[in-house]
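This report concerns only the one structure given below.
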Amino acid sequence: MTTPDAQPHVNGDAESSPLSPDDGDIYLCQDGPRDAPALLLIHGTASSARSWDMLVPMLTGSHRVIRVDLLGHGRSAKPATGRGYELPEQGRRVGVELDRLGVEHAIVVGHSSGGAVATALTEQRPDLVTALALVNTGPSMGAYIAPESAAIDPAQWPPTDEQIRQLASTGFSRAGYQLPQEFVDDLRGMTYHAFTAVMQAGRAYLEQRALPDRLMVLDKPLLVIFGEEDRRWRSSSAADYRAVPGAKIEMLPGVGHSPILEDPPRTAALLLAFTAAHTARAD
């Protein structure tokens with residue numbers, strides 16, 4: 001796990017990098033050698049950069065691994081007003097952060113709605129994004145299968161541990177998997193406004209245009225990883241991404257919506273094979 005220090009470093013540390021006062025501060029962390037090819041990891045809704053913690057040590061041998069807490073999440077700002085939670089704005093901020101780091105090219109990985117943010121970033125910055133990997137990212141709202149969650153009264157926010165674990169229950173399918181307390185804490189750390197705005201923003205982006213339709217015109221190498229037992233997005237919907245020329249689809253049996261947590265080694269192996277094939281384009 002990384003810790004904030006904002007000092008020059010080579011491995012296992014983090015930086016908080018402020019944007020303009022209107023945007024708020026965005027928390028950034030980096031691991032691995034600074035001269036290695038850049039690999040950007042974007043978390044999903046109600047999570048944070050910590051969701052990648054178990055995966056990062058498997059990736060830093062060959063990559064400069066960069067993670068952010070998206071606006072409203074983790075250690076980043078949580079504005080009470082404004083339109084900053086829209087996915088194109090989230091993608092824009094990520095691009096600004098990479099520019100500040102001097103990153104000219106990166107392979108981008110997004111988990112769940114983080115894959116939609118990665119797509120938004122690629123739409124805006126095709127010069128920056130070399131290749132994309134989406135992990136259990138629903139292609140359209142028609143693929144969403146999770147039951148509607150009971151509404152949480154804003155007067156009772158933040159939710160209890162029990163409520164959070166119930167909300168998160170469809171995010172995991174591996175037998176015996178227990179949600180770590182730090183991820184419970186991540187959701188509780190969100191404001192009610194940030195939580196609802198982020199949920200609405202993800203839905204709006206997919207309803208406006210399906211991800212395969214967005215990606216098929218971008219001409220970027222694409223890897224799609226899906227846990228076969230996903231209880232949020234119909235795993236068979238991964239086939240929708242075949243509309244993207246050259247897209248590679250990998251299914252992981254025995255895990256659900258969060259293979260980055262349920263089975264980090266298998267997930268990392270797929271990502272490393274993909275990045276090895278496309279790193280030359282990122283240099």
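The values are calculated or read from the model by the stated rules, or taken from the named source; none is laboratory data. No experiment lies behind these values; they were computed from the predicted model shown. Because the Cβ atoms are built from the backbone with ideal geometry, glycine has one as well, and the counts that use them run over all protein chains shown. Side chains are part of the model used for accessible areas, which takes the heavy atoms of the whole protein and leaves out ligands, DNA and RNA. Shrake-Rupley method; radii C 1.70, N 1.55, O 1.52, S 1.80 Å.
Over all distinct Cα-Cα pairs of region 50-97, the Kirkwood formula returns a hydrodynamic radius of 12.4 Å. Normalised Debye scattering of region 155-196 at q = 0.16, 0.31 Å⁻¹ gives log10 I(q)/I(0) of -0.42, -1.20, counting only Cα atoms as equal scatterers and leaving out solvent. Here, region 120-217 yields an orientationally averaged convex hull projection of 8.2 nm² when only Cα atoms define the hull. In this structure the amide hydrogen of GLY227, modeled in the peptide plane, comes within under 5 Å of the amide hydrogens of ASN136, LEU252, none closer than 5 places in sequence on its chain. The equivalent ellipsoid of region 44-182 has semi-axes of 27, 19, 16 Å, largest first, where each one is the square root of 5 times an eigenvalue of the Cα gyration tensor.
Can you give me the Kirkwood hydrodynamic radius for the chain, using every pair of distinct Cα atoms, in Å to one decimal?
That comes to 18.7 Å for the chain.
Given 10 °C and 1.306 mPa s, compute D for region 124-283 with the Stokes-Einstein relation, Rh being the Kirkwood radius over Cα pairs; round to the nearest whole µm²/s. Roughly 92 µm²/s, to the nearest whole number. As a test, work out the antiparallel percent of DSSP beta bridges whose residues both lie in the chain, rounded to the nearest 5. Percent antiparallel among DSSP bridges in the chain is about 30. Measuring only protein heavy atoms, the 1.4 Å probe finds GLU104 accessible over about 140 Å². Of the residues VAL244, LEU128, GLY84, the one whose Cα sits farthest towards the positive end of the charge dipole of the chain is VAL244 (charges of +1 on Lys and Arg Cβ, -1 on Asp and Glu Cβ, taken about the Cα centre). Annotation for ARG174 and ALA151: the two label points, set 7 Å from Cα along the Cα-Cβ direction, are 3.6 nm apart. Mean silhouette area of region 215-282, derived from the convex hull of its C-alpha atoms and averaged over all directions, reads 4.8 nm².
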